[in-house]
Amino acid sequence: MTQARQKHGKSVFIRTYGCQMNVYDSERMAGLLKPLGYGVVDAPDDADLVILNTCHIREKAAEKVYSELGRLKKIKTARASNGDEMVIAVAGCVAQAEGPEIIARAPMVDLVVGPQAYHQLPELLARAARECGDILATDFAVEEKFDRLAERQADGPAAFLTIQEGCDKFCTFCVVPYTRGAEVSRGVDAVTAEARSLAAQGVKEITLLGQNVNAWRGDAPAGDAGANSLWGLGELCRHLAKVDGLERIRFMTSHPRDMDDGLIAALGEEEKLMPYLHLPVQAGSDKILKAMNRGHTAATYIGQIAKIRAARPDIALSGDFIVGFPGETNEDFEATLALVEAVQYASAFSFKYSRRPGTPGAAMPGQVEESEKNQRLARLQACLEAQREGFNRAQIGAVLPVLFEKPGRHAGQLIGRSPYLQSVHVDAPQSMLGSIAPVRIEDVTPNALAGVLVRKAEAAA
Ligand code: SAH
Ligand code: SF4
Ligand code: F3S
């Protein structure tokens, strides 16, 4: 039995799939349910409420939900035979895209709630308890959602903060504009208040989130020197850098089309902005980029990278890639490899194109064979992996400031993050959790760096 049930409180289990936006949303759902008496548990078996916060980006991601629902059905049935109830809710992007289908295919689901409607969870749960039958809540009301979210509790020294939702770009492979709706930015004051509250609870690092985070726009706060002007992400970051206690600011995911000079200048000048940028390019062939409706070419992307590196020479770059988009020939794929060679990434995510119903790409001629996609992905990943390893190896001997986020696997060990978002394992006392300290990097393992604490005087020398 879980602790929460022993205390006679109710318990909720939340499984999160997909991107950081979903991680943030799951945290906020837990926050909304807390005043209703729900404690979070880490397995579904004893939970009164199970929420699957789902992702629709690729076919595999969406399929996982139905297999998980199959497993939950067994638990729910066993519980029912003991006279116990389990409420199952499907949230997130599959809920938005396939709500009615979920209800038809999975009758054990009680509640389907889209990413823009989860602030209504308390009412929806009350309705689910009153009414038999399924409840579908998939309307779009982003601003209302943020207004209704209670003060949040920080969990550790690094936190996500959603500042922008939705997407108007309509890349031809992507479901996000359909599942998350149009681009909406949260206001400066709301974002600043959330950042202040996190910092007051000991948060040192915030990662500003958005599907197109650098498309964020907001009115300058009243009374600001540049008032009445429209701010971009660069101005917002400079503003948040003034929040007492915040030491590090990151943002993701950026789109090349919205990478403006103001943001590049801020990356160069604002020390609290970490030297790490996730700027997905997807492909290196202009023909494919055009078919993807990306709105940039390989050359404009490479030009931007040069500008960014001129402003912040130590920046670590990361990207997303898709292989096997419809019409991609070997020659097009070679152009992706050439772009990767030209840019040199510190880390990257790469995927086989997945045909998503309702997106223009799904109906395009020239769909690429699975075996071909596999071969291309393997070649691309070998290149990207070599670059990642090279980037990590280059840190050996360097002294990097590390923010200690959690205990390591061994006693006396802590795990932290370098400015370049690398995981760093260090022998250090528990009392250093939540602090930033200089670490000399001594070794590289496949997924992390290992280092030793450096005394302040030595670090300054
Ligand atoms: N807003 C971000 C990315 C959002 S989705 C951007 O514009 O780059 C995260 C990543 O999933 C994308 O960058 C893309 O590489 C991948 N992706 C999206 N749709 C996909 C599909 N249909 N098949 C394979 N990968 C996909
Ligand atoms: Fe999807 Fe393109 Fe929007 Fe990114 S910019 S979320 S890839 S449509
Ligand atoms: Fe997936 Fe939705 Fe994020 S489709 S990647 S959870 S925006």
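The values are calculated or read from the model by the stated rules, or taken from the named source; none is laboratory data. Because the structure is predicted, anything quoted here is derived from the model rather than measured. Reconstructed Cβ throughout: ideal geometry from the backbone, glycine too, with neighbour counts over all protein chains shown. We work out accessible area using only protein heavy atoms, side chains counted, and drop any ligands, DNA or RNA first. Shrake-Rupley method; radii C 1.70, N 1.55, O 1.52, S 1.80 Å.
At-a-glance table
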read-out	value
Those residues of region 170-201 which are of a type outside the set (Gly, Ala, Ser), within 13 Å of ligand 3 (Cβ to nearest atom) and touching a residue at least 60 places away in the same chain (Cβ under 8 Å), in sequence order	171, 173, 174, 175, 176, 178, 179, 180
Residue match in region 310-321 (condition: away from ligand 3 (no atom under 16 Å from the Cβ), among the aromatic types (Phe, Trp, Tyr) and modelled with pLDDT of 95 or more)	no
Pair list, Cβ < 9 Å and 6+ apart or interchain, from region 353-375 residues that are on the phi > 0 side of the Ramachandran plot to residues that are within 16 Å of ligand 3 (Cβ to nearest atom) and in a loop (DSSP other than H, G, I, E, B)	358/175
Residue within region 179-201 that is closer than 20 Å to residue 258 by Cβ, among the polar types (S, T, N, Q), modelled with pLDDT of 95 or more and open to solvent by 20 Å² or more (accessible area, probe 1.4 Å) present	yes
Matching helices (runs of 4 or more DSSP H) fully within region 18-113 where at least 1 residues are out of contact with any helix residue (DSSP H, G or I) (no Cβ under 8 Å at 6 or more places or on another chain) and within 16 Å of ligand 2 (Cβ to nearest atom)	20-33, 59-81
Filtered residues of region 317-339 (kept if in contact with a strand residue (DSSP E or B) (Cβ under 8 Å, 6 or more places away or on another chain) and under 23 Å from residue 303 (Cα atoms))	317, 318, 319, 320, 321, 322, 323, 333, 336
In region 80-106, residue surrounded by the fewest Cβ atoms within 10 Å (Cβ to Cβ) [restricted to those that are within 15 Å of ligand 3 (Cβ to nearest atom), farther than 10 Å from residue 51 by Cβ and not hydrophobic (A, V, I, L, M, F, W, C)]	99
Residue list for region 282-300, filter: away from ligand 2 (no atom under 11 Å from the Cβ) and of a type in the set (A, V, I, L, M)	283, 288, 289, 291, 298, 299
Qualifying residues in region 35-53 (those that are within 16 Å of residue 118 (Cα to Cα) and in contact with a strand residue (DSSP E or B) (Cβ under 6 Å, 6 or more places away or on another chain)) - the one most open to solvent (accessible area, probe 1.4 Å)	38
Test result for residue 160, assigned to a loop (DSSP other than H, G, I, E, B) and either assigned by TED's automatic domain parsing to the domain that holds residue 255 or within 16 Å of ligand 2 (Cβ to nearest atom) (or both)	no
Total residues in region 114-125, condition open to solvent by less than 30 Å² (accessible area, probe 1.4 Å), in a helix (DSSP H, G or I) and within 19 Å of residue 181 (Cα to Cα)	2
Unique residue being closer than 30 Å to residue 171 by Cα, surrounded by fewer than 20 Cβ atoms within 10 Å (Cβ to Cβ) and not hydroxyl-bearing (Ser, Thr, Tyr) when the list is 361, 366, 397	366
One residue from 389, 442, 385 being surrounded by fewer than 18 Cβ atoms within 10 Å (Cβ to Cβ), of a type outside the set (S, T, N, Q) and free of Cβ contacts under 8 Å to residues at least 40 places away in the same chain	385
Checklist (1) part of a loop (DSSP other than H, G, I, E, B); (2) open to solvent by 20 Å² or more (accessible area, probe 1.4 Å); (3) in contact (Cβ under 8 Å) with a residue 12 or more places away in the chain; (4) not polar (S, T, N, Q) applied to residue 313, failing item	(3)
Residues located in region 402-415, provided they are in contact with a helix residue (DSSP H, G or I) (Cβ under 9 Å, 6 or more places away or on another chain) and open to solvent by less than 10 Å² (accessible area, probe 1.4 Å)	404, 414
Options 371, 354; residue that is surrounded by fewer than 16 Cβ atoms within 10 Å (Cβ to Cβ) and among the hydroxyl-bearing types (Ser, Thr, Tyr)	371
Residues within region 301-322 that are within 14 Å of ligand 2 (Cβ to nearest atom) and of a type outside the set (Asp, Glu), tallied	4
Residue match in region 258-267 (condition: touching a Cys at 6+ places or on another chain (Cβ under 8 Å), open to solvent by 10 Å² or more (accessible area, probe 1.4 Å) and either more than 15 Å from ligand 2 (Cβ to nearest atom) or not in a loop (DSSP other than H, G, I, E, B) (or both))	no
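Condition check ((1) over 15 Å from residue 58 (Cα atoms); (2) within 26 Å of the chain's Cα centre (by Cα)) across all residues:
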| site | (1), (2) |
| --- | --- |
| 322 | no, yes |
| 339 | yes, yes |
| 344 | yes, yes |
| 350 | no, yes |
| 354 | no, yes |
| 367 | yes, no |
| 378 | yes, yes |
| 388 | yes, yes |
